[in-house]
1. Using +1 at the Cβ of each Lys and Arg and -1 at the Cβ of each Asp and Glu in the chain, identify which of T57, T12, A104 lies farthest towards the dipole's positive end.
2. Taking Cα pairs under 8 Å and at least six residues apart, what relative contact order does the chain come out at, in percent?
3. Using label points projected 7 Å from each Cα along Cα→Cβ, tell me how many nm separate A79 and I42, to one decimal.
4. Give me the one-decimal nm value for the distance between modelled label points at I35 and L126, 7 Å along each residue's Cα-to-Cβ direction.
5. Taking 0.36 nm per residue of sequence separation and subtracting the Cα-Cα distance, how much length would be gained by fully extending the chain between E100 and L119, in nm to one decimal?
6. Where only protein heavy atoms count, and the probe is 1.4 Å, what is the accessible area per residue for the chain in Å²?
7. Give the label of the value calculated from the structure for Kirkwood radius over Cα pairs in Å, choosing from (i) 17.2; (ii) 16.1; (iii) 15.7.
8. Do the sum for the chain: with -39,500 (n - 2.57) for every DSSP H run of n ≥ 4, divided by all residues, what is the mean residue ellipticity at 222 nm, to the nearest 500 deg cm²/dmol?
Amino acid sequence: FIAISGTHVFGTALLAKGTIRWLNQLFLLGIVVNIVLNLFFIPQYQALGAATTTVVTQFFVIIGEIILVARVLKVGKLAWLLQTIAFALSFFAATYFVTEWIEAQWLIKFLICLFLGVLLAIVLKLLDVKAVLRLLVSASA
C-alpha cells in the first residue's frame, strides 16, 4: 500500500514536469526486476515468493521515483531523500503492527495509522507544523 500510494504521489509530480520518458524507463526496469526476482523465488516459495517480489519491486520503483523527483524538481538534498525513505519504511512497519497486532475495528486502526503517519512526518521534519497552521489560518481568513 505504501509503495503504490507513493508512486501515485511522486509519479504525478514527475508527470507534471513532463518526464514521462524517464518514468517509462523506470517502470520498464521495474518489470525486469520483477521478472528476474520471480524466476528465482516462485519455484521455491510459490505464491509467497510472487507476493514478496511484487512488494520488493514496488519499493524499488518508489525509491527510483523519489530519486527522480529529487533530481527533476532540483530538491537535491540527500537528507530529504533519506527522510522520505525513513518515513516510508517506518510507516509501513507501524501500519503492519497496527493492523496485525491491535484488536480493534477497522476505523480505529485507520485513525491510529493516520495519527502515526502525521507524527512520523513531524518527527522526520517532512511536515512543517507552523507552515500548516499558517495555511489554515490564512484559508479561514
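The values are calculated or read from the model by the stated rules, or taken from the named source; none is laboratory data. As the structure is a computational prediction, the values presented were derived from the model and not from experiment. Don't worry about glycine lacking a Cβ; one is built from the backbone with ideal geometry, like all the others, and counts go over all protein chains shown. In case anyone asks, the SASA skips ligands and DNA or RNA and just uses the protein heavy atoms, side chains included. Shrake-Rupley method; radii C 1.70, N 1.55, O 1.52, S 1.80 Å.
1. The residue sitting farthest along the positive end of the dipole is T12.
2. Contact order relative to length: 23 percent.
3. Result for the modelled spin labels: 4.5 nm.
4. 3.2
5. My answer for the length gained is 4.8 nm.
6. Counting only protein heavy atoms, the per-residue value for the chain is 70 Å².
7. Label (i) holds the value from this structure.
8. Mean residue ellipticity at 222 nm (helix-derived): -30500 deg cm²/dmol.
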